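In what follows, a single structure is set out as structure tokens and then discussed.
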Amino acid sequence: MRDVNDILGKEKLKTKPQNFSSFRERLHEVIFEANDFAGKAFDVVLILMIFLSIVVLMLESVPAYYAVYKDAFFYLEFAITVFFTIEYALRIYSVYSPKYYITSFFGIIDLLSTLPFYLAFFFPSFQTLMIVRSLRLLRIFRVFKLDAFIDQGNFIMAALKESSKKIMLFSFAMFILITIFGSI
């Protein structure tokens, strides 16, 4: 069974290659670590853009607003998507192992949150995919460092796997008791 770190691709992203430039290292610190002012400012801008994107998505779904502000919604969504595309490219550039980032959970979420706009822009029949933009909300987990609880998640998954037979037996016994007492 793959653990959550494997799925998120976290461990593979931590090993720094020999030829990593100081600019890329600084960019990595700002984007991924957020331990200084620049990193925190980047996270604040990212959060604001995520919320702006979700607000635009919600307002755009109201027919009365869409009829009046269709062009404004398009330009806002275009600007937001360009921002997230640049952010995605910077993440790929600044990460120690781009292949692992691209195939990691957050790498896929980042790609899926921008791809629908480009597909709908170049292929209008893909307009229905625009709801996938709501995946941008999942980026909040990265910003708030909620993936720091991965070890606890792995522990819980291992404990549940270890006691799955006991849980099944208990559930079956409860089902039988509920059925018996429910029929009385």
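Side notes on the structure shown:
- Flag for Glu25 being under 19 Å from Ile92 (Cβ atoms), surrounded by fewer than 15 Cβ atoms within 10 Å (Cβ to Cβ) and modelled with pLDDT under 85: no
Let's see how each residue does on (1) surrounded by fewer than 14 Cβ atoms within 10 Å (Cβ to Cβ); (2) closer than 20 Å to Tyr118 by Cα; (3) of a type outside the set (Asp, Glu):
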site	(1), (2), (3)
Asn35	yes, no, yes
Asp43	no, no, no
Ser53	no, yes, yes
Glu60	no, yes, no
Lys70	yes, yes, yes
Val82	yes, yes, yes
Glu87	no, yes, no
Tyr96	no, no, yes
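- A single member of Phe106, Phe123, Phe141 is more than 18 Å from Ala79 (Cα to Cα), at pLDDT 65 or above and under 12 Å from the mean Cα position of the chain (by Cα), and it is Phe106.
- Whenever a residue of the range 161-173 is part of a helix (DSSP H, G or I), its partners that are surrounded by fewer than 10 Cβ atoms within 10 Å (Cβ to Cβ), lying with C-beta atoms within less than 8 angstrom and at least six residues away or across chains, give the pairs Lys161/Met1.
- Pairs with Cβ under 8 Å, 6+ apart, first in the range 80-104 and of a type outside the set (Phe, Trp, Tyr), second not in a helix (DSSP H, G or I): Ser97/Thr15; Ser97/Pro17; Thr103/Gly9; Ser104/Gly9; Ser104/Lys10
The values are calculated or read from the model by the stated rules, or taken from the named source; none is laboratory data. This one's a predicted model, so the numbers in the text were calculated from it and none came from an experiment. Note: ideal-geometry Cβ built from the backbone for every residue, glycine included; neighbour counts use all protein chains shown.
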